[in-house]
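S.K.: To start, I am sharing the structure in question, which I have written as structure tokens.
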Amino acid sequence: MNNLFRLFYIMHYLTMHNKANAMILAEQLEVSTRTIYRDINTLSALGFPVYAQSGRDGGIRLLDTHHLSATFVDDAEQDQIILALQNLAATNLKSVTPLVNKLSSLFKKRSRTMDRYRFFNLGSRR
């Protein structure tokens with residue numbers, strides 16, 4: 001799985017759930033917990049207010065001040081993000097579909113991008 005997919009999935013998960021467990025994210029994304037912590041460090045280095053806290057009430061969280069803005073990526077990058085997430089959704093990771101819809105709405109490109117590409121799931125059934 002691509003690093004970009006994981007980063008956006010983690011951000012989406014944290015936005016929707018307020019708190020995440022590295023083991024659960026690792027299982028959902030089919031990577032190690034170490035990879036999740038590296039992704040958290042990457043997000044933090046990129047300026048996203050993500051932090052991990054250990055202990056009984058620990059977990060991975062976003063600071064309350066975080067709001068995603070469409071202006072941090074240009075039009076071509078927005079199209080690439082939507083296309084990449086659509087590909088991910090086609091691999092049976094259906095939890096990505098709400099993220100595709102939200103980002104498409106945020107980027108105001110839903111009709112243009114969603115209608116331009118058609119995807120087929122050619123993978124095996126589980």
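S.K.: One residue is enough: does segment 17-35 have a residue meeting the conditions at pLDDT below 90 and either aliphatic (A, V, I, L, M) or in a loop (DSSP other than H, G, I, E, B) (or both)?
M.R.: yes
S.K.: Here is a list of conditions, (1) in contact (Cβ under 8 Å) with a residue 40 or more places away in the chain; (2) farther than 22 Å from Asn2 by Cα; (3) not acidic (Asp, Glu), and Gly55 meets all of them except one; can you say which number that is?
M.R.: (1)
The values are calculated or read from the model by the stated rules, or taken from the named source; none is laboratory data. Here the structure is a predicted model, which means the values were calculated and not measured. Heads up, the Cβs are rebuilt from the backbone with ideal geometry, glycines too, and the neighbour counts pull from every protein chain shown.
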